[in-house]
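The values are calculated or read from the model by the stated rules, or taken from the named source; none is laboratory data. Computed from a prediction, not measured in an experiment: that's the story for all the values here. Every residue, glycine among them, receives a Cβ derived from its backbone with ideal geometry; neighbour counts consider all protein chains shown. Protein only, heavy atoms only, side chains kept; ligands, DNA and RNA dropped before computing areas. Shrake-Rupley method; radii C 1.70, N 1.55, O 1.52, S 1.80 Å.
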Amino acid sequence: MRDSFDIKKWIENPDELLLIAGPCSVESKEQFFDVATKLSELQEVKILRGGIWKPRTRPNGFEGIGEEGLKWMREISDETNLPFMTEVATPEHAELALKYGVDALWIGARTTANPFSMQQLADALQGVDIPVFVKNPIAPDLKLWIGAFERLASSGLTHLVAIHRGFQDTNAAPYRNNPRWEIPIELHRKNPNIPIITDISHICGCREILKSTAQKALDLATNGLMIESHCEPEMALTDADQQITPDDLKSMIDNLVIHKTKSNNADFLLQELRSQIDNIDEELLQLLARRSDISSKIGVIKKENNLAVLQLDRWNSILSNHIEKGKLLGLNEALVKEIFEAIHKDSIDRQL
Ligand code: PEP
Ligand code: MN
């Protein structure tokens, strides 16, 4: 039997990394017992997850096993002493989950995005003393995410946690959902008392980049990870591409560099700021690559239409515009000039 784990205590003092694992969906008793038993043998896993009602983009997919699955969750949780949590989207879901003594609830990205649903849930949970984990809304809207916490807090809920699962974006590649790390970092800055869990499975959408994404989250001082796990990932009824077996989960955890906790030291601040710089640099590189692509396309059009590569008027106006804008942003004129001259030179070379 495992030692018991107190979720509320962890939320009050989230020093150790919290690992939440379990299948995307509870599919059948056998599937769930298999994976839950395996996961319960990993001491690092502290909470078992499983979707009972599945929000599907289109109808007729597997929409979840419903109430019966809660019985299985309760049963295996009692057997293994592993706390369990599930997603609730309506007051009825919440009522049923509470009936089976769920240890924590999570609110999915589609629900957080809807203030009406959030308010209904907050009303239904009025006076209930249960930890609630709130996923970020689908769109990169920090206010909506904060609003969800405010609604729950107004209902008297005091144990709240954020789950960062990335944001829908047509430019998300290689991720399924663009992590936009700066958004959870800003949430942390504004609400330092809300721990943040990184749901690498829904950020990645595929197995290949799970580990590097987990490491990145750890480098950014995440408080925990949520990872979807299934004994036969390819056969999973939902999110088959992103789930991993409990064995693979174990070897992934063993290979992660888990940093010392962030209690009261400059190290943590430095680490967070350096990681922000790394992220910004990565974005700069991606932007430069996109700019170069467009510049090459312009080069082709110029060639086909027999136009000169260097269009001095346009270049002069671009440069002075950027310098002006840079000044407004507090940037040094010489720096802006030097950067854009280098970019322009490369662009000309490419077009030639
Ligand atoms: C899930 O956790 O399985 C899920 C549906 O996640 P999200 O709300 O982040 O899409
Ligand atoms: Mn899922």
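Before moving on, here are some points about what is shown:
- Only one entry of 343, 348 meets the criterion of being under 21 Å from residue 286 (Cβ atoms), assigned to a helix (DSSP H, G or I) and among the aliphatic types (A, V, I, L, M), and that entry is 343.
- The residue list 314, 274, 350 contains one member that is among the charged types (D, E, K, R) and in contact with a Ser or Thr (Cβ under 7 Å, 6 or more places away or on another chain), which is 350.
- Selected residue (criterion: farthest from ligand 2 (Cβ to nearest atom)) from residues of the stretch 188-201 that are assigned to a helix (DSSP H, G or I) and under 19 Å from residue 46 (Cβ atoms): 200
- Filter pass, residue 86 being within 16 Å of ligand 2 (Cβ to nearest atom), in contact with a Gly (Cβ under 8 Å, 6 or more places away or on another chain) and assigned by TED's automatic domain parsing to the domain that holds residue 21: yes
- The residues in the stretch 202-225 that are assigned to a helix (DSSP H, G or I), over 15 Å from residue 18 (Cβ atoms) and either touching a Ser or Thr at 6+ places or on another chain (Cβ under 7 Å) or in contact (Cβ under 8 Å) with a residue 12 or more places away in the chain (or both) can be counted, and the count is 9.
- Residues in the stretch 237-274 that are assigned to a loop (DSSP other than H, G, I, E, B), modelled with pLDDT of 95 or more, open to solvent by 90 Å² or more (accessible area, probe 1.4 Å) and away from ligand 1 (no atom under 16 Å from the Cβ): 255 alone.
- Any hit, the stretch 318-325, residues being over 30 Å from residue 200 (Cα atoms) and open to solvent by 90 Å² or more (accessible area, probe 1.4 Å): yes
- Just one of the listed residues (138, 185, 130) is over 22 Å from residue 70 (Cα atoms) and either modelled with pLDDT of 95 or more or charged (D, E, K, R) (or both), namely 138.
- Checking each residue in the stretch 63-107 for being open to solvent by 10 Å² or more (accessible area, probe 1.4 Å), assigned to a helix (DSSP H, G or I) and in contact with a helix residue (DSSP H, G or I) (Cβ under 6 Å, 6 or more places away or on another chain) picks out 67, 72, 80, 91, 96.
- Tabulated pairs, the stretch 42-60, first at pLDDT 95 or above and of a type in the set (A, V, I, L, M), second open to solvent by 30 Å² or more (accessible area, probe 1.4 Å) and away from ligand 2 (no atom under 12 Å from the Cβ), C-beta under 6 angstrom, 6+ apart or interchain: 42/250
- Filtered by the rule that a residue be among the aliphatic types (A, V, I, L, M) and over 19 Å from residue 233 (Cβ atoms), the stretch 162-215 gives 162, 163, 172, 173, 183, 185, 187, 194, 196, 197.
- Residues within the stretch 185-210 that are under 24 Å from residue 249 (Cβ atoms) and open to solvent by 10 Å² or more (accessible area, probe 1.4 Å), tallied: 7
- Any chance residue 237 is more than 10 Å from the chain's Cα centre (by Cα) and within 14 Å of ligand 2 (Cβ to nearest atom): yes
- The numbered conditions (1) assigned to a helix (DSSP H, G or I); (2) of a type outside the set (Lys, Arg); (3) within 16 Å of ligand 1 (Cβ to nearest atom); (4) open to solvent by 20 Å² or more (accessible area, probe 1.4 Å) are all true for residue 234 except (3).
- Note on the stretch 14-35: residues that are open to solvent by less than 10 Å² (accessible area, probe 1.4 Å) and within 16 Å of ligand 2 (Cβ to nearest atom) total 9.
- Residue check, residue 2 part of a loop (DSSP other than H, G, I, E, B), more than 14 Å from ligand 1 (Cβ to nearest atom) and among the basic types (Lys, Arg): yes
- Looking only at the stretch 37-62, residues that are aliphatic (A, V, I, L, M), more than 16 Å from ligand 2 (Cβ to nearest atom) and outside any loop (DSSP other than H, G, I, E, B) come to 1 in all.
- Inside the stretch 115-128, residues that are assigned to a loop (DSSP other than H, G, I, E, B) and either surrounded by 16 or more Cβ atoms within 10 Å (Cβ to Cβ) or of a type in the set (A, V, I, L, M, F, W, C) (or both) make up a count of 2.
- When we screen 277, 294 for residues that are free of Cβ contacts under 8 Å to residues at least 60 places away in the same chain, within 21 Å of residue 344 (Cβ to Cβ), out of contact with any Cys (no Cβ under 7 Å at 6 or more places or on another chain) and more than 16 Å from ligand 1 (Cβ to nearest atom), the only hit is 294.
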